[in-house]
Structures are given as C-alpha cells and as structure tokens.
C-alpha cells in the first residue's frame, strides 16, 4: 500500500485518472481528502508498477487493519480496470481486467477486514468471490440533461409536476439563494436518522461543501419563503448540495423543513431549479445518491432518473475494539 505520505501515492493515481475520459467525483483526490479528514489515512493499491499502473484503488484505513469507503464516496473503483458507464476509453480485455482485480485483492489480503465499492459497469466480481468476499448490489439513478431543460422537465411524472406547481401557487413570492452548510445539516437530521446513517456521516458534509464550493465544483442552494427580510439569517424551506467533476454532477444531499407546512413541495421545486442551473453550466448528466431508500428512489425516478447498479464487496468483520476505534476516529477527524 502506498500511503498519502509517500509522494508516489497520489501522483501515480492522479496520472492514471488524467488519462481517463470519465472520472467519477468520488474517485478524485480532492474529494477523497475532504471526505476523510486526515489524508495520512488515504492510500492507493495498484495493479502493475506504481509508476505505470494499469489500475488503482484509493483506500481509506481509519483503523489499522481495516479498509473501508470514506463517507460520501458512493463508489471509488478500482479505476482503469474496466469501462465504467459513460466512459469512452478503450475497454481492456476480460482477462486483463480480472488480473488487475486479482492483484488489488491480493494486496487487500493484508487487512483484517475490507470493503470496496466497484464502479457502475464493473459487474464481474468473480475474482472477489474466489477470494471469499461477498457482494451486495446497490442502486444509484442517473438523469441525462443533454436533451435540454424543457425536455428534461417533460420527463417528470405528473405527481412531481403537481408538486412543483403547488409550491409556486402557495409561495408566489420566494427567493432561491446560496445556502449554508449548517442549514442543510440541521434540516437533514431527520432523513439521516430514518436511513440509519450515523450523525458522523451527516456532519462530515461541512468539509465537503467547503472544498467543492472553493473549487467552483459545487453549490448549496436554498429556497426561502416570501417575506424573509434577511434570508441568510432565517431557516430556509429546503436546501440541497450538488457537486460535479467534468460534466457529471452528483446530488449529494437535500432536505426540507419538515415542521413548516409551506415546505411540503419545496424540495421538489428546488431540485428542478438545481437541475436547470446544472444544465446552464454545461452539465450533461446527474448522478443521484440514496437510491436504496424506496421513497427517495421514487423521487429520483419521478425526475426521469434511470436505475444504475454497482456492487459493494466486503470480506471479514470488525472486532468490537476496531469498531470502537473507528467511532473515535470519526468523532475526531470526520466531524
């Protein structure tokens, strides 16, 4: 394993990424570094030589002997081994791809427990099965914006269209403004609790938002009710955060004020506005998260999103002491 402290680690990984026409946000070094909170816990496993890898997997080791996927990194690779959906670089032969995966697995064997998320399109998990790992399929949803905003809106289902119209009718005077990370964190507390994610996962949003906004690779949007004299000081009806890499945007988080009756349809309205702003920036596709939750998945499909699968592969289990150490690490560095 090449650690972040080894100058070869991210350098060879960045070089590999630079040769790919499709670079998922979750695989980019700046996103990974913002997600983990302590870059010395990042590493890179390579197939081939470190100076000229044919595939590389960024890994996160919050506890010695345990490899997992960082918060807000839905999938991370390996990159280079196979053709992810939407990419145009040349597909390697099946045998070469499996050999690259086997080399990654061989290096993962040095850890007590590990979990990796394959990219969409990496469906051949036979090398992992041979190593005694188990795979669980997960879903994301993708929406093409290349048809233009009006055609995208024409693809919304009738229920979603009614929600958007209803918000405009009941809030004839509203404002869509730059939002605040703390508002999104506060409004999303209920959603995070219902989906079973830890508060550590929730609160790590702040660092990711700051990293994306400072690079002009993301925005936080909020919609405020009419009559808000100072929107920045008031609670918005809904807030969302999107980030992008190249021309693919990722819907990272969104929430509405569940205690305010005016906010019933606010998130649907705000999502429509966010998609229009993404299209205006030249974004051609949106990748949605959280799609294994039935209600959330229905919302993404209402927008016209198409389901896309990826695999979460794991082997081994954390000991009680390792789980405690991981919790302490998250509390110290992820918050």
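What the table below lists for this structure:
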| item | result |
| --- | --- |
| Stretchable slack from residue 281 to residue 64, in nm (0.36 nm times residue separation minus alpha-carbon distance) | 73.9 nm |
| Relative packing of peptides 320-327, 63-70 - highest average C-beta neighbours within 10 Å first | 63-70, 320-327 |
| Residue 306/residue 94 FRET efficiency (R0 22 Å; Cβ-Cβ; nearest 0.05) | 0.30 |
| Cα long-axis angle, helix 320-329 against the chain (0 to 90 degrees, to the nearest 10) | 60 |
| FRET efficiency, residue 149 to residue 247 (Cβ-Cβ, R0 22 Å, nearest 0.05) | 0.90 |
| Ranked packing of 94-103, 239-248, most packed first, by mean Cβ within 10 Å | 239-248, 94-103 |
| Ordering of 305-311, 146-152 by burial proxy (mean other Cβ atoms within 10 Å per residue, highest first) | 305-311, 146-152 |
| Computed helical MRE - 222 nm, the chain, DSSP H runs ≥ 4 contributing -39500 (n - 2.57), nearest 500 | -10000 deg cm²/dmol |
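Where a number appears in this text, it was derived from the coordinates with a stated rule and is not lab data. Note that the coordinates shown come from a computational prediction; the quantities given were computed from them, not determined experimentally. Virtual Cβ from ideal backbone geometry, glycine too; neighbours counted across all protein chains shown.
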